[in-house]
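Here is the structure we will look at.
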Amino acid sequence: MFKVFERFEILFESGSNESQKRKIVNYYILNYLGWSIFNTLCCCLPIGIAAIVCSCRADNANTVGEATAAAEAIRIAKILNIVGLVVGIVLPFIIVALQLTGGA
């Protein structure tokens with residue numbers, strides 16, 4: 001779920017030609033924006049829109065550097081995407097099967 005990107009920042013001391021290197025570790029949390037767009041267009045519009053909002057929230061939190069807020073937003077987006085997929089694909093098959101068998 002986390003991708004780790006490392007970069008090095010070179011710090012120059014004033015009055016000295018020597019430089020120090022400091023390692024900075026950036027965490028980037030993968031978002032489910034593509035899956036959210038698919039759910040919006042193909043499965044369930046309201047749940048897909050909510051998933052897009054959570055995915056964008058996670059992306060914004062990643063940009064600012066708030067890993068915990070991004071992880072929480074992406075967890076909600078993942079749950080919404082799963083629910084949207086079930087509602088949009090599995091539920092119509094269940095309804096058709098019930099109508100064909102004379103249930104509901």
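The table below gives the values:
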| quantity | calculated |
| --- | --- |
| Criterion (within 15 Å of L33 (Cα to Cα) and assigned to a helix (DSSP H, G or I)) met by exactly one of A97, A77 | A77 |
| Long-range neighbours under 7 Å by Cβ, at least six apart or interchain, first residue closer than 17 Å to A58 by Cβ within segment 75-92, second of a type in the set (S, T, N, Q) and crowded, with 19+ Cβ neighbours inside 10 Å | A77/N31; A77/S36; A77/S55; N81/S36; N81/N39; G84/N39 |
| Selected residue (criterion: nearest to P92 (Cα to Cα)) from residues of segment 68-81 that are at pLDDT below 95 and surrounded by fewer than 16 Cβ atoms within 10 Å (Cβ to Cβ) | R75 |
| Residue that is over 13 Å from the mean Cα position of the chain (by Cα), modelled with pLDDT under 90 and of a type outside the set (D, E), where the choices are N17, N62 | N17 |
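The values are calculated or read from the model by the stated rules, or taken from the named source; none is laboratory data. Remember, predicted model here, so these are calculated numbers, not experimental data. Virtual Cβ from ideal backbone geometry, glycine too; neighbours counted across all protein chains shown.
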